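Undergrad: Input: one structure, supplied below.
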Amino acid sequence: MSYVDGFVSAVPTINKDQYIAHAMLCAIVFKEHGALKITETWGDDVPDGEVTSFPKAVQCNKDETVVFSSVVWPSKEVRDAGWQAIMEDPRMQPDQNPMPFDGKRLIYGGFEVILEQ
């Protein structure tokens, strides 16, 4: 089974075009280093929760939009090697491809796929 990295972030809505450009470059780099599929989604129907929610989790402000992203890898081993190469890739350095959002509020994690249909 494959392995998935998931990300949730709050992006200033005004930076949508910058985010798309950033994501497009990231997708190229990730695929070059073993990723099978990259999905970037721009929040459309992401309600505030009473206790928890995507907006609360990333401390989303009124002028920001929640973004959900995922990267599918063939295995955790490919993902681990890929991430090491991605972090060393010059195109992923902040001076080459700055994040158009506050990375301190980014939530991420790696997930073992337990069901795929």
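Undergrad: So which residues in the range 69-104 are within 17 Å of Q18 (Cβ to Cβ) and of a type in the set (S, T, Y)?
TA: Once the filter is applied, which keeps residues that are within 17 Å of Q18 (Cβ to Cβ) and of a type in the set (S, T, Y), the range 69-104 yields only S69.
Undergrad: Residues of the range 68-77 being open to solvent by less than 50 Å² (accessible area, probe 1.4 Å) and not in a strand (DSSP E or B), which ones?
TA: Narrowing the range 68-77 to residues open to solvent by less than 50 Å² (accessible area, probe 1.4 Å): 69-73, 75.
The one that is open to solvent by less than 50 Å² (accessible area, probe 1.4 Å) and not in a strand (DSSP E or B): S75.
Undergrad: If you don't mind, another one. Residue check: is D102 modelled with pLDDT of 95 or more and either open to solvent by 50 Å² or more (accessible area, probe 1.4 Å) or touching a Leu at 6+ places or on another chain (Cβ under 6 Å) (or both)?
TA: Yes.
Undergrad: May I ask you to list the residues in the range 1-15 that are in a helix (DSSP H, G or I) and surrounded by 14 or more Cβ atoms within 10 Å (Cβ to Cβ)?
TA: T13, N15
Undergrad: To continue, here is another question. Return the residues of the range 37-60 that are in contact with a helix residue (DSSP H, G or I) (Cβ under 9 Å, 6 or more places away or on another chain) and part of a loop (DSSP other than H, G, I, E, B); say none if nothing qualifies.
TA: Of everything in the range 37-60, those that are in contact with a helix residue (DSSP H, G or I) (Cβ under 9 Å, 6 or more places away or on another chain) and part of a loop (DSSP other than H, G, I, E, B) turn out to be G43, V46, P47, D48, G49, V58, Q59, C60.
Undergrad: Could you check, for the range 83-96, whether at least one of its residues is under 30 Å from L115 (Cβ atoms), touching a residue at least 40 places away in the same chain (Cβ under 8 Å), in contact with a Lys or Arg (Cβ under 7 Å, 6 or more places away or on another chain) and crowded, with 16+ Cβ neighbours inside 10 Å?
TA: no
Undergrad: Only residues that are more than 16 Å from V66 (Cβ to Cβ) and open to solvent by 80 Å² or more (accessible area, probe 1.4 Å): list them for the range 16-51, please.
TA: D17, Q18, M24, I28, K31, E32, L36, K37, E50, V51 - these are the residues of the range 16-51 that are more than 16 Å from V66 (Cβ to Cβ) and open to solvent by 80 Å² or more (accessible area, probe 1.4 Å).
The values are calculated or read from the model by the stated rules, or taken from the named source; none is laboratory data. Just so you know, these numbers come straight off a predicted model, no measurement behind them. Backbone-built Cβ (ideal geometry, glycine too); neighbour counts: all protein chains shown. The protein model used for the area step is the full one, side chains on, heavy atoms only, and it has no ligands, DNA or RNA in it. Shrake-Rupley method; radii C 1.70, N 1.55, O 1.52, S 1.80 Å.
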